[in-house]
1. Looking at the range 306-323 only, could you name the residues that are in contact with a helix residue (DSSP H, G or I) (Cβ under 6 Å, 6 or more places away or on another chain) and open to solvent by less than 70 Å² (accessible area, probe 1.4 Å)?
2. Condition (residue is open to solvent by 10 Å² or more (accessible area, probe 1.4 Å) and within 15 Å of the chain's Cα centre (by Cα)) applied to the range 267-290: is it met by at least one residue?
3. Does the range 189-196 include one or more residues that are free of Cβ contacts under 8 Å to residues at least 12 places away in the same chain, more than 12 Å from the ligand (Cβ to nearest atom), in the same structural domain as Val38 (by TED's automatic domain parsing) and more than 19 Å from Val91 (Cα to Cα)?
4. One residue is enough: does the range 243-261 have a residue meeting the conditions open to solvent by less than 20 Å² (accessible area, probe 1.4 Å), away from the ligand (no atom under 16 Å from the Cβ) and either touching a helix residue (DSSP H, G or I) at 6+ places or on another chain (Cβ under 6 Å) or without any contact (Cβ under 8 Å) to a residue 12 or more places away in the chain (or both)?
5. Within the range 132-156, take every residue that is assigned to a helix (DSSP H, G or I) and open to solvent by less than 60 Å² (accessible area, probe 1.4 Å) and give me the one that is nearest to the ligand (Cβ to nearest atom).
6. Return the residue satisfying two criteria in turn: it lies in the range 93-123 and is of a type in the set (D, E, K, R) and more than 8 Å from the ligand (Cβ to nearest atom), and of such residues it is surrounded by the fewest Cβ atoms within 10 Å (Cβ to Cβ).
7. Checking His345 against (1) free of Cβ contacts under 8 Å to residues at least 24 places away in the same chain; (2) over 19 Å from Ser185 (Cβ atoms); (3) of a type outside the set (Phe, Trp, Tyr), which single condition isn't satisfied?
8. Restricting attention to the range 279-297, which residues are part of a helix (DSSP H, G or I), farther than 20 Å from Pro187 by Cα and either charged (D, E, K, R) or touching a strand residue (DSSP E or B) at 6+ places or on another chain (Cβ under 8 Å) (or both)?
Amino acid sequence: MQDSFVYQMLPARVVFGHGTSATLPAEAERLGLRRLLVLSTPEQVALAQRIQQLLGDRAPSTFNTATMHTPVEVTKRALEVVEAERIDGVVAVGGGSTIGLGKAIALRTDLPQIVLPTTYAGSEMTPILGETDDGRKTTQRSPKIQPEVVIYDVDLTLSLPLMMSALSAFNALAHAVEALYAPDSNPIVAMMAEEGVRAIVDALPKVLKEPDDPRARATLLYGAWLCACCLGVTTMGLHHKLCHTLGGMFDLPHAQTHAIVLPYALAYNAPMVPEAMSRLCRAMRSDDAIGALLRLERDCRIPLALRDIGMPREGIARAVKQALSNPYGNPRPVESVALAELLEHAWAGTGI
Ligand code: NAD
């Protein structure tokens, strides 16, 4: 075991269970919030309205146009509502897109955030915000970005379509995988990452068979939470940086990009990170973690090639150039020829 390390605890309050949305008014009261803005995507307006009703007079408005990759122009429009309605806190109900909007508002106003996640992407547990401006996604960290309260209500995840559930779970797995070989990893993170992967790998096939199984959904959400905690306290490597580059550059769907790139990024780093690989093998109950990941992807019938989600082949060279223009820590040095090869394989979905 590593016997010298730093572990940064993040100051979030977490309420976990079934039907826990009902605790929202009490959580708002604890924070002394009187004028909350409820955020959602256009697809989750009905849920946002239910949450608004639950809050009664405490929620004068909703803002329902949260958008993937947090475009700054959407944030500007939301900030106008915050000012006009004298908002004193935000409630984000939805996946990473909605949570990203809440974080973008908090970064600029320092307003408290209460988050009710409905996917497994995990943004709620991190002080990280990725924003898109003019086709370029930039990521920053700040204590202002970290949500104050997270209410995990397993019931809100039951409506997440199966494909989205699987993709989102792979996004969560990616957080744990990269945390295991991050330069600032430590025994606490490794423990959470291994348990998070184990929970997801156990629960995902059960959810695919029986989407309404409340116990499997709870285990999946628990695993996603642990994986997100890992992302929140470690430095991202090749996998996340590549997904951010591709997402911002070609407007690719976030979760799909993560799911497709993960086995390739892991294979790129695997020779340099034997300890991370043995933890992954243990969590996945396999002696071939990359093969087990690919098999799970095939079982979930998720897209396996970047070309299938809209990336143009001529984009590979541009993506390599942009990824290399912004150097970052990674266990294996990132070089242009090897990176182009990785992207060629991920683009075509050739497998490993
Ligand atoms: P998303 O929030 O874009 O949701 C995808 C779609 O599914 C949306 O239409 C949404 O309304 C719908 N949806 C969500 N939950 C649902 C449910 N339970 N039932 C039915 N429909 C539901 O997708 P995502 O993958 O959760 O988030 C992606 C975004 O999150 C990206 O912008 C990404 O950059 C960001 N993200 C950020 C972090 C971070 O730490 N900063 C971590 C992970 C993801």
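The values are calculated or read from the model by the stated rules, or taken from the named source; none is laboratory data. No experiment lies behind these values; they were computed from the predicted model shown. Note that each Cβ is placed from the backbone with ideal geometry, even for glycine, and that neighbours are counted across all protein chains shown. Just so you know, the surface numbers come from the protein's heavy atoms only, side chains and all, with ligands and any DNA or RNA stripped out. Shrake-Rupley method; radii C 1.70, N 1.55, O 1.52, S 1.80 Å.
1. Once the filter is applied, which keeps residues that are in contact with a helix residue (DSSP H, G or I) (Cβ under 6 Å, 6 or more places away or on another chain) and open to solvent by less than 70 Å² (accessible area, probe 1.4 Å), the range 306-323 yields Leu306, Ile309, Met311, Gly315, Ile316, Ala319, Val320, Gln322, Ala323.
2. No, that holds for no residue.
3. Just the residues of the range 189-196 that are free of Cβ contacts under 8 Å to residues at least 12 places away in the same chain, to begin with: 191.
Cutting the leftovers down to more than 12 Å from the ligand (Cβ to nearest atom) gives us 191.
After this cut, where a residue has to be in the same structural domain as Val38 (by TED's automatic domain parsing) as well, the list is none.
The answer is no; no qualifying residue exists.
4. No; the residues of the range 243-261 include none that is open to solvent by less than 20 Å² (accessible area, probe 1.4 Å), away from the ligand (no atom under 16 Å from the Cβ) and either touching a helix residue (DSSP H, G or I) at 6+ places or on another chain (Cβ under 6 Å) or without any contact (Cβ under 8 Å) to a residue 12 or more places away in the chain (or both).
5. Out of the qualifying residues, it is Leu156.
6. Asp110
7. Going through the list (1) free of Cβ contacts under 8 Å to residues at least 24 places away in the same chain; (2) over 19 Å from Ser185 (Cβ atoms); (3) of a type outside the set (Phe, Trp, Tyr), His345 breaks only (1).
8. Arg295, Glu297
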